[in-house]
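A short write-up of the structure that comes next.
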Amino acid sequence: MRVTASALPDVKLVEPRVFGDERGFFFESWNRRALAAADIDVDFVQDNHSRSRRGVLRGLHYQVEHAQGKLVRVSEGEVFDVAVDLRRSSTTFGKALGVVLSAANKRMLWIPPGFAHGFLVLSDVAEFLYKATDYYYPEHERTLLWSDPALAIAWPLSGEPTLAAKDAAGKPLADAEPYG
């Protein structure tokens, strides 16, 4: 497993070692020892799985209490995955990072607690899986406005995305409830 820091150093790209032949492929999607050696030494308490169609944008979600770290990946299709640093004391506060994750590239992204997270589906459908370090608490969930110009996210959109009501009503960074 290769783990590299991104432009937001605490967000890490995880590339598993993939073994493939004419039968298909095999890779470890989680190995505590390997990730702990790369400073991702966490306990996961919940696994989540979603399926969405092209143009669906989910996010940017975070919890103000019980902040969740997430290890995310795509098992079918392709998404543009985004993390935004909401840790007020961080030198990268308010900065966003976007990467393409797909079933084909098998990349994963580690998003530590203190970040908002979301994704846009680029393929006809996408199945998105993630491990979380804390449970979901709807009363603590907040939504950062996906289209806030202050975030400068270059969403690869062709037209308007399909949004949930809570995502359309997200708050801009200037009004968001940050960490710390």
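Here is how the numbers come out for the structure above:
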{"quantity": "Test result for GLY114, surrounded by 14 or more Cβ atoms within 10 Å (Cβ to Cβ), closer than 16 Å to VAL56 by Cβ, within 16 Å of the chain's Cα centre (by Cα) and small (Gly, Ala, Ser)", "calculated": "no"}
{"quantity": "Members of region 131-150 that are over 23 Å from VAL74 (Cβ atoms), among the charged types (D, E, K, R) and surrounded by fewer than 19 Cβ atoms within 10 Å (Cβ to Cβ)", "calculated": "GLU139, ARG142"}
{"quantity": "Considering residues of region 38-47 that are in contact (Cβ under 8 Å) with a residue 60 or more places away in the chain and in a loop (DSSP other than H, G, I, E, B) only, the residue surrounded by the most Cβ atoms within 10 Å (Cβ to Cβ)", "calculated": "VAL42"}
{"quantity": "Odd one out for GLY159 among (1) surrounded by 13 or more Cβ atoms within 10 Å (Cβ to Cβ); (2) out of contact with any strand residue (DSSP E or B) (no Cβ under 8 Å at 6 or more places or on another chain)", "calculated": "(1)"}
{"quantity": "Long-range neighbours under 7 Å by Cβ, at least six apart or interchain, first residue assigned to a loop (DSSP other than H, G, I, E, B) within region 131-143, second crowded, with 17+ Cβ neighbours inside 10 Å", "calculated": "THR133/VAL42; THR133/GLN68; THR133/GLY69; THR133/PRO113; ASP134/ALA67; ASP134/GLN68; TYR137/GLN63"}
{"quantity": "Where a residue in region 162-174 is in contact (Cβ under 8 Å) with a residue 40 or more places away in the chain and its partner, wherever it lies, is of a type in the set (Phe, Trp, Tyr), with Cβ under 8 Å and at least six apart", "calculated": "LEU163/TRP146; ASP167/TRP146; GLY170/TRP146"}
{"quantity": "Total residues in region 18-37, condition in a strand (DSSP E or B) and of a type in the set (Ser, Thr, Tyr)", "calculated": "0"}
{"quantity": "Matching entry among ALA5, ALA36 (being more than 29 Å from GLY170 (Cα to Cα) and small (Gly, Ala, Ser))", "calculated": "ALA36"}
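Just so you know, all these numbers are worked out from the coordinates, no wet-lab data involved. Bear in mind the structure is a predicted one, so any value in this text is a computation, not a measurement. Glycine gets a Cβ as well: all are built from the backbone with ideal geometry, and neighbour counts include every protein chain shown.
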